[in-house]
Amino acid sequence: MKPVRLTVALPTYNRASTYLPEAISAILAQTYRDFELLVLDNGSVDGTAQFVLGLNDPRIRYVRNPPGTSIQFNHMAAYQIALGQRIIVTHDDDVMAPEMLEKQMRFMDEHPEVKLVWTNVSHMNEHGEMLDTPPARGSRLFGPGEYILDFPRKRLWPMPSTVMMEKGLVQRGVIDQYYYGTKVARCKASDADIAGLADVTFPAYVNIRAAIGFINEPLLKYRIHTGQGSNRTNISVPSIYLYRRLKKFACRSLKNQSAAPLFDSHVLRFVIQDKVCSSEKMLPPRALRSIQDKVSKFCQNTLTPDAVYPLLPVHILLKNLGMVSALDAVAPSLPMPTQHAPAMKYLHRWLQSVMAGRSIFAGIAKKKRIVITGSVFIAALLILEARAHGYHIVACIDSNLNRQGRKLLDVPIHAPGWLATHANEVDWVIFSSEKDQEPALRAMVQQHAGAPIPTVSWKDLALEQADRLEQSQGFQPRMVLR
């Protein structure tokens, strides 16, 4: 077979009757056409082979693995046998926009120094119904080292099914070491604990010496459904390893020691988050003292606002428990974070209310029965604040299969399907997402509840109470955040 400019690799397993036809159809309909479609079947038993081999398109190359082959091997094989000068490994449950490959190829052609580029995504549910479509906001080119240093502030997470890269990265063994191989294994953690780690560490490693790019347009429809591996993974532990790895990149490879406190504060945040979110009962005094001590030790160094911002949720945690925090001296004077991920601004406003003795639940009657769904650490903070002010949290709803049936700080955790039989026991659902996932969460609640339930984001609650606080002090509300 003759070389082509691009290989589109599509690992798949038992999705011939569900998502695979739509994924392949979208790839073959791309406006950019000089590519091979490498379908890697991991031993499917549902007729995947018959479906793919029945497609009449010379660009398709079908490879079938024997049953029992690991997912890792199936993905790694794509990089080894691809014929393209560039390669993108996408997912069999996602759907490309028609111009996705064309825009990525053009971006890399116009910026030959760029070795890797990814795009933004929209979200759909398991039935293909759209949940959100972010606006297009142009593109971003990160010179060598810029993405590594920018990530702790913006948390710009590459979606792996949109990552296009130069094939030369594979030939130099970078994929082997930093995506599926030894460098990740050195984390000394289980597969579940490092799930998704390479989504960031691999582009970051490439960025040590080369430019990488981000096309901020939703050029792929990312499907959210219960069969995803992300519904089984921990979030806290991978983030600990992630920031430690990025710190090494920044300090050793980029020779930027001044960035170390920013990475260290994120590590501390996720160490504490893991302790809190893995606790089924209320945290015992010894655990709380340990958190206090860790924060106190960190604050012994000279702190910049950048290093304090990641610890805002930890400060909210301690204040809602009525505890003294080493951040008490610096938190009140923190300026509004403008160069960080949007959630940081809402945490800043929340902390203002907490420090003033106000609750973000103030707009909800105390007799109302509340359910929380979204990010687990924010859910824990909401549980603690609700208890401190006399509000009743009925349950948490979580799509993570490993958390269902357990408790979070004495609050039971249920699967989304719980709403189908208990909707009449719920007066409010509060979304605890740190990312902009409210549309997807709202659709999930509507799908399972069957009847309308009032919903609100913690971000809106935080803004409302912060605005009220500022009005009471004679300031005008900061509407720019809305």
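Give me the log10 of I(q) over I(0) for the chain at q = 0.06, 0.08 Å⁻¹, as the Debye formula computes it from C-alpha points; what are the numbers?
-0.29, -0.52
Once the piece of chain linking Asp436 and Arg406 is laid out straight, how much longer is it, given 0.36 nm per residue of separation minus the C-alpha distance between them?
8.2 nm
Is there a quick way to get the dipole size of the range 69-171? I mean about its Cα centre, with the Cβ of Lys and Arg at +1 and of Asp and Glu at -1; what is the value in debye to the nearest 20?
Rounded to the nearest 20 debye, it is 440 debye.
Take each of the peptides 451-462, 54-65, average the number of other beta-carbon atoms within 10 Å over its residues, and list them starting from the highest.
Result, highest mean first: 451-462, 54-65.
For the chain, what does the helix formula give at 222 nm: sum of -39500 (n - 2.57) over DSSP H segments with n ≥ 4, over the residue count, nearest 500 deg cm²/dmol?
Value at 222 nm, helices only, nearest 500: -11000 deg cm²/dmol.
Please give the net charge around Val295, taking every other residue with its beta carbon less than 14 angstrom from that of Val295, where Lys and Arg add +1 and Asp and Glu add -1.
Charge balance in the 14 Å sphere: +3.
With unit charges on the beta carbons (Lys and Arg positive, Asp and Glu negative) and the dipole taken about the Cα centre of the range 309-399, which residue among Val354, Met323, Tyr391 sits farthest to the positive side?
Going by the charge dipole, the pick is Tyr391.
Sequence neighbours fewer than 8 away in the same chain don't count; with that in mind, list the aspartates and glutamates whose C-alpha is under 17 Å from Lys2.
Asp34, Glu36, Asp57
Looking at Leu334, Leu131, Val237, which one has the Cα that reaches farthest to the positive end of the dipole of the chain (charges on Cβ: Lys, Arg +1; Asp, Glu -1)?
Of the candidates, Leu334 comes out farthest on the positive side.
I'd like to know which of Leu268, His225, Ala9 lies farthest towards the positive end of the charge dipole of the chain, counting +1 on Cβ of Lys and Arg and -1 on Cβ of Asp and Glu.
Positive-most Cα among the choices belongs to Leu268.
Taking the Cα centre of the chain as origin, sum charge times position over the Cβ atoms of Lys and Arg (+1) and Asp and Glu (-1), and report the length of that vector in debye to the nearest 20.
Dipole about the Cα centre, nearest 20: 1440 debye.
Please tell me which of these pairs span more than 32 angstrom C-alpha to C-alpha: Lys319/Lys407; Lys221/Lys319; Lys319/Lys366; Lys255/Lys297; Lys248/Lys294; Lys255/Lys319?
From the list (Lys319/Lys407; Lys221/Lys319; Lys319/Lys366; Lys255/Lys297; Lys248/Lys294; Lys255/Lys319), the Cα-Cα distance tops 32 Å for Lys221/Lys319; Lys255/Lys319.
Leaving ligands, DNA and RNA out of it, report the carbon-plus-sulfur percent of the accessible area of the chain at a 1.4 Å probe.
The C+S portion of the solvent-accessible surface of the chain is 52 percent.
Taking the solvent-accessible surface of protein heavy atoms with a 1.4 Å probe, what is the per residue accessible area of the chain in Å²?
Here the residues of the chain average 43 Å² of exposed surface.
Magnitude of the Cβ-charge dipole of the range 302-420, K/R +1 and D/E -1, about the Cα centre, nearest 20 debye?
480 debye
Going by accessible area, probe 1.4 Å, with all protein chains left in place, what is the ranking of His392, His225, largest first?
Largest accessible area first, the list is His392, His225.
Among all the aspartates and glutamates, which ones have a C-alpha under 15 Å from Lys115's C-alpha, if same-chain residues fewer than 8 places away are not counted?
Those aspartates and glutamates meeting the cut-off are Glu146, Glu166.
For the chain, what is the percent of antiparallel DSSP beta bridges, rounded to the nearest 5?
Within the chain, antiparallel bridges account for around 25 percent of the total.
The values are calculated or read from the model by the stated rules, or taken from the named source; none is laboratory data. All of these numbers come straight from a predicted model, not from anything done at the bench. Note that we place each Cβ from the backbone using ideal geometry, even for glycine, and neighbour counts take in every protein chain shown. Only protein heavy atoms, including side chains, enter the accessible area calculation; ligands, DNA and RNA are left aside. Shrake-Rupley method; radii C 1.70, N 1.55, O 1.52, S 1.80 Å.
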